[in-house]
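> Just dropping this structure here.
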Amino acid sequence: MIDQPSQSDQPIVENSAEDITDLYVKIADVVCERLALNQRVRRNLPEGGRLRIDRQLPFLCLYRHPPEQPSDGARELITTEASYLFASGKPEHHTGLMLLIKRIVAAMREHFGTFLLIEVWEKQRGSQSIDDRILFEIHSTDEASIPSTIETMRSALEKISIRRQSAEVSVRRDTSIQPLGSRPLELDTIDSHPSGCCAIGLSVNPIYRDSSSQVLFPMVLQALRRQLTIAFRRTIAEFTGSRSNGGDAVDSAAFHEFGPSTLVRAARLVDQQLSDISESFDFLLQVTPTNASEAEQAFQKSGYETSPIFNYRPLPYHPNLLKRQLFGIEIERIEDPTLAHLCWEKQEELDRKLTALRDIETPSFIYNSLQLYGSVDENLLELAIEILNRVPETPPNPNDTQSVGALKLMERAREEIDYYHRRLCDFNGTVEPSESIASGVMVSRDRLLVSPTCSLNEDRIEALMHHEIGTHLLTYFNGRGQPFRQLYAGLAGYEELQEGLAVLAESLVGGMTRNRWRTLAGRVIAVHSLVEGLTFVETYHLLCEEFGFSSSRAFSLTLRVYRGGGFTKDLIYLRGLSRLMEYLAAGHDIEPLYVGKIGLQHVPFVQEMRRRKVIVAPRILPRFLDSDHIRSRLEACRKKNVIQLVEMKS
């Protein structure tokens, strides 16, 4: 669901003290009209206040800003929620503010029968030892009436940890809910049935601000907001009785349903800007040599002893100017901590890619690559070596004429795209010849690019269709159907899961040949050699002499890894498959992974957004999942590791 602009977002001119109550009355009239129709509420309040209610909800988070305190920090702790109100804590606002809150409570109680008000304020700081601790104090006027709700909040707050510190939580019973220096909430005068509305106060030690200089620590505040929102939603879920199927506890994911369900304008703008920059350059194309064939011929003429020289396309932009645009994006305006986290991640990844492009053919390139894709750990290296030891090289059969050229491959690819297009009309991928790619086939956004010199064995064609079209293009078009553009532009680090899914698909349809397994393992060996400091020539000979690769395949593997100055991306194929196998072995479903271009690390965030209806389920799933036989093979894979998958029969 996308938040549309409305007249309610127009700023309110500050008025004199005697008119403030009248302003709140007028606002309350409009708010209640919209809530009765289950419409979203976005209202600016006098003197910088703000009311947001995403839809009809049985709760409201409140912050009253004390005039003598800094304006940033505490109010950000509640703006993560789908229903919040922050307002001035000046005495002249109290009457109007209480009237507005009472009207909201009455309207929502009519719909839900009960209502929870959570007021947050900053704890008064004491000694320095107290200042550095994560302290929460829960305030309640009648703890006995909602004991499970209080206990849920206490338990959830105790799970908060920042900078290796765990939170300390206490519960206090008070005669009224009020920050120090403010008037108490007057909930007992809402109507004749006050028991239908419960209030909880939460005082927070402001560890996100220096106690003496009042300087804000934004990273600490960001970490606190992300964790505090889970505590709020768990508390609300317990209060409303959103329990698991067994009825004993709050469902492990159901509490996210109380989060925001709209992609507001600030988030949509940031999403658009990040996508525009992401699509303004083709990272893989820029690090792909334009003279691969000529370089291989020169390498052969040197007796395989002189490192080839590669040529690259000139950059049609200046990376630093793109960075200026990138860091001009105001991600901090996004209130939703999940969306903000994903956008911060993407901004950082784009920055690293632009730095890498600036550093092509310099010693610095490899360090950028290591930041983006990492290096080979001991377990991955052992896995690659074991595959190569178990699977010997299959020499080409001179009598085998079942090879498929570029034209027939492109025809087959168009048939596969037509199949998906019939199932999803927005699946409008194209197939194009391209002389500018190093591999025979690759996907670039909504295009399948095929080298005119590409030639494949017949037994690899179906696997290739499932890899390139049934994974890469499918997740692109699934992402295109989401309101969050990053799901088709690609969340940070999405490539590893993409390749893991694609390789698994090849295996499930019986298309992983011996040489294909060896290629994936050989890429890991080549990356490890690169990071260990071996030269192009040394890595080439290592692949040929120690692991039995043919000359042409060893050159191709080494080229892919040494291009640009040292490119470690090729390790993600085998690592992605290995981590995907662990994910499946843990009992997780594979379907959510096709929602767009995401990484395994993003699954909790994606599932949360699906719970909140910010995004929807994948609109289309891979073709192979229609087969009962393949689904049975997939279930069998849950009990296998990668080596067992290598040995799995078709």
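> Confirm whether Gln124 is open to solvent by 40 Å² or more (accessible area, probe 1.4 Å) and touching a Leu at 6+ places or on another chain (Cβ under 8 Å).
Yes; evaluated as a whole, the condition is true for this residue.
> Of all residues in the stretch 225-242, which are hydroxyl-bearing (Ser, Thr, Tyr) and either assigned to a helix (DSSP H, G or I) or touching a Cys at 6+ places or on another chain (Cβ under 6 Å) (or both)?
Within the stretch 225-242, Thr229, Thr235, Thr240 meet the criteria.
> What's the total number of residues in the stretch 480-494 that are closer than 15 Å to Val616 by Cβ, open to solvent by 10 Å² or more (accessible area, probe 1.4 Å) and in contact with a helix residue (DSSP H, G or I) (Cβ under 6 Å, 6 or more places away or on another chain)?
Residues meeting the conditions: 3.
> Additional query: Condition check: under 26 Å from Leu577 (Cα atoms), open to solvent by 70 Å² or more (accessible area, probe 1.4 Å), of a type outside the set (Phe, Trp, Tyr) and under 18 Å from the mean Cα position of the chain (by Cα). Does Glu348 satisfy that?
On the way: under 26 Å from Leu577 (Cα atoms): yes; open to solvent by 70 Å² or more (accessible area, probe 1.4 Å): yes; of a type outside the set (Phe, Trp, Tyr): yes; under 18 Å from the mean Cα position of the chain (by Cα): yes.
Yes, satisfied.
> Going residue by residue through the stretch 158-178, is there one that turns out to be out of contact with any Leu (no Cβ under 9 Å at 6 or more places or on another chain), under 29 Å from Ser88 (Cβ atoms) and touching a residue at least 40 places away in the same chain (Cβ under 8 Å)?
The answer is no, given that none of the residues of the stretch 158-178 is out of contact with any Leu (no Cβ under 9 Å at 6 or more places or on another chain), under 29 Å from Ser88 (Cβ atoms) and touching a residue at least 40 places away in the same chain (Cβ under 8 Å).
> Turning to a different aspect of this structure: Just name the residue that is most open to solvent (accessible area, probe 1.4 Å) out of those in the stretch 146-155 that are part of a helix (DSSP H, G or I) and in contact with an Asp or Glu (Cβ under 9 Å, 6 or more places away or on another chain).
Checking each candidate, the answer is Glu151.
> I've got another one for you. How many residues, within the stretch 539-556, are of a type in the set (D, E, K, R) and closer than 14 Å to Ala384 by Cα?
Just the residues of the stretch 539-556 that are of a type in the set (D, E, K, R), to begin with: 545-546, 553.
Filter once more, keeping what is closer than 14 Å to Ala384 by Cα: 546.
Matching residues across the stretch 539-556 total 1.
> Whether any residue in the stretch 250-269 is under 30 Å from Ser552 (Cα atoms), assigned to a helix (DSSP H, G or I) and either open to solvent by 10 Å² or more (accessible area, probe 1.4 Å) or at pLDDT below 90 (or both) is what I want to check.
no
> For Ala87, only one of the following conditions fails: (1) in contact with a Gly (Cβ under 8 Å, 6 or more places away or on another chain); (2) at pLDDT below 90. What is its number?
Failed condition: (2).
> Which numbered condition trips up Thr558, out of (1) within 17 Å of the chain's Cα centre (by Cα); (2) buried (at least 19 other Cβ atoms within 10 Å of the Cβ); (3) of a type in the set (Val, Ile, Thr); (4) assigned to a helix (DSSP H, G or I)?
With (1) within 17 Å of the chain's Cα centre (by Cα); (2) buried (at least 19 other Cβ atoms within 10 Å of the Cβ); (3) of a type in the set (Val, Ile, Thr); (4) assigned to a helix (DSSP H, G or I) applied to Thr558, the lone miss is (1).
> Related question: Considering Thr290, Thr306, which residue is over 30 Å from Val603 (Cβ atoms), at pLDDT below 95 and open to solvent by 60 Å² or more (accessible area, probe 1.4 Å)?
Thr290
> Which residues, taken from the stretch 572-591, are open to solvent by 10 Å² or more (accessible area, probe 1.4 Å) and part of a helix (DSSP H, G or I)?
Tyr573, Arg575, Ser578, Arg579, Glu582, Tyr583, Ala585, Glu591
Let's see how each residue does on (1) under 20 Å from Leu580 (Cβ atoms); (2) in contact with a Leu (Cβ under 6 Å, 6 or more places away or on another chain); (3) open to solvent by 20 Å² or more (accessible area, probe 1.4 Å); (4) hydrophobic (A, V, I, L, M, F, W, C):
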| position | (1), (2), (3), (4) |
| --- | --- |
| Gly500 | yes, yes, no, no |
| Ala505 | yes, no, no, yes |
| Val509 | yes, no, yes, yes |
| Arg514 | no, no, yes, no |
| Leu520 | yes, yes, no, yes |
| Leu530 | no, no, no, yes |
| Gly533 | no, no, yes, no |
| Glu538 | no, no, yes, no |
| His541 | no, no, yes, no |
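> Determine whether Lys569 is crowded, with 22+ Cβ neighbours inside 10 Å, charged (D, E, K, R) and in contact (Cβ under 8 Å) with a residue 12 or more places away in the chain.
Criteria met by Lys569.
> Follow-up. Anything in the stretch 353-366 that is surrounded by 16 or more Cβ atoms within 10 Å (Cβ to Cβ) and either farther than 30 Å from Val220 by Cα or not aliphatic (A, V, I, L, M) (or both)? List them, or say none. Break it down stepwise before answering.
If we filter the stretch 353-366 for residues that are surrounded by 16 or more Cβ atoms within 10 Å (Cβ to Cβ), which is where we start, we get 353-360, 365-366.
The answer is Lys353, Thr355, Leu357, Arg358, Asp359, Ile360, Phe365, Ile366.
> Follow-up. Under the condition of being modelled with pLDDT of 95 or more, of a type outside the set (A, V, I, L, M) and in a loop (DSSP other than H, G, I, E, B), which residue from the stretch 592-626 is farthest from Tyr419 (Cα to Cα)?
Gly599
> Anything in the stretch 301-318 that is touching a residue at least 40 places away in the same chain (Cβ under 8 Å) and polar (S, T, N, Q)? List them, or say none.
Hits for the stretch 301-318 are Thr306, Ser307.
> Could you list, in sequence order, all residues of the stretch 418-438 that are in a loop (DSSP other than H, G, I, E, B), touching a residue at least 24 places away in the same chain (Cβ under 8 Å) and open to solvent by 10 Å² or more (accessible area, probe 1.4 Å)? First the steps, then the outcome.
From the stretch 418-438, those in a loop (DSSP other than H, G, I, E, B) are 424-429, 434-438; that's our starting set.
Checking which are touching a residue at least 24 places away in the same chain (Cβ under 8 Å) leaves us with 424, 426-429, 436-438.
Once the filter is applied, which keeps residues that are in a loop (DSSP other than H, G, I, E, B), touching a residue at least 24 places away in the same chain (Cβ under 8 Å) and open to solvent by 10 Å² or more (accessible area, probe 1.4 Å), the stretch 418-438 yields Leu424, Asp426, Asn428, Gly429, Ser436, Ile437, Ala438.
> Out of everything in the stretch 439-470 that is assigned to a loop (DSSP other than H, G, I, E, B) and within 30 Å of the chain's Cα centre (by Cα), what residue ends up being farthest from Leu487 (Cα to Cα)?
We begin by selecting, within the stretch 439-470, every residue assigned to a loop (DSSP other than H, G, I, E, B); these are 439-440, 445-446, 451-454.
Next, only the ones that are within 30 Å of the chain's Cα centre (by Cα) stay: 439, 445-446.
Details: Ser439: 25, Arg445: 12, Asp446: 13 Å.
Per the criteria, the residue is Ser439.
> Let me ask something additional. Would you check which residues across the stretch 371-387 are open to solvent by less than 50 Å² (accessible area, probe 1.4 Å) and within 23 Å of Gly566 (Cα to Cα) and list them?
Leu372, Tyr373, Gly374, Val376, Leu380, Leu381, Leu383, Ala384
> So Ser195 ticks every box in (1) surrounded by fewer than 14 Cβ atoms within 10 Å (Cβ to Cβ); (2) in contact with a His (Cβ under 6 Å, 6 or more places away or on another chain); (3) modelled with pLDDT under 90 but one. Which box is left unticked?
(2)
> Condition check: open to solvent by 50 Å² or more (accessible area, probe 1.4 Å), out of contact with any strand residue (DSSP E or B) (no Cβ under 9 Å at 6 or more places or on another chain) and farther than 30 Å from Ile643 by Cα. Does Glu415 satisfy that?
Numbers: open to solvent by 50 Å² or more (accessible area, probe 1.4 Å): yes; out of contact with any strand residue (DSSP E or B) (no Cβ under 9 Å at 6 or more places or on another chain): yes; farther than 30 Å from Ile643 by Cα: yes.
Yes, satisfied.
> Of Gly374, Gly429, Gly440, which residue is among the small types (Gly, Ala, Ser) and at pLDDT below 95?
Values: Gly374 fails: at pLDDT below 95; Gly429 fails: at pLDDT below 95.
Gly440 is the lone residue from the list that is among the small types (Gly, Ala, Ser) and at pLDDT below 95.
> Right, next: Evaluate the following for Pro337: is it on the phi < 0 side of the Ramachandran plot and exposed (fewer than 14 other Cβ atoms within 10 Å of the Cβ)?
no
> Still on this structure, I have one more. Just checking, does the stretch 607-624 include any residue being without any contact (Cβ under 8 Å) to a residue 24 or more places away in the chain, farther than 17 Å from Ala502 by Cα and surrounded by 14 or more Cβ atoms within 10 Å (Cβ to Cβ)?
Yes, the stretch 607-624 has at least one match.
> Using the structure shown, decide if Leu370 is touching a residue at least 24 places away in the same chain (Cβ under 8 Å), over 21 Å from Ala554 (Cβ atoms) and within 28 Å of the chain's Cα centre (by Cα).
Judged against the criteria, Leu370 is a match.
> Scan the stretch 309-327 for residues that are assigned to a loop (DSSP other than H, G, I, E, B), under 15 Å from Lys353 (Cβ atoms) and hydrophobic (A, V, I, L, M, F, W, C) and report the count.
Residues that pass the stated criteria total 2.
The values are calculated or read from the model by the stated rules, or taken from the named source; none is laboratory data. This structure is a prediction, so every number in the text was calculated from the model and none was measured. Reconstructed Cβ throughout: ideal geometry from the backbone, glycine too, with neighbour counts over all protein chains shown. The accessibility values were calculated without ligands, DNA or RNA, using every heavy atom of the protein model including side chains. Shrake-Rupley method; radii C 1.70, N 1.55, O 1.52, S 1.80 Å.
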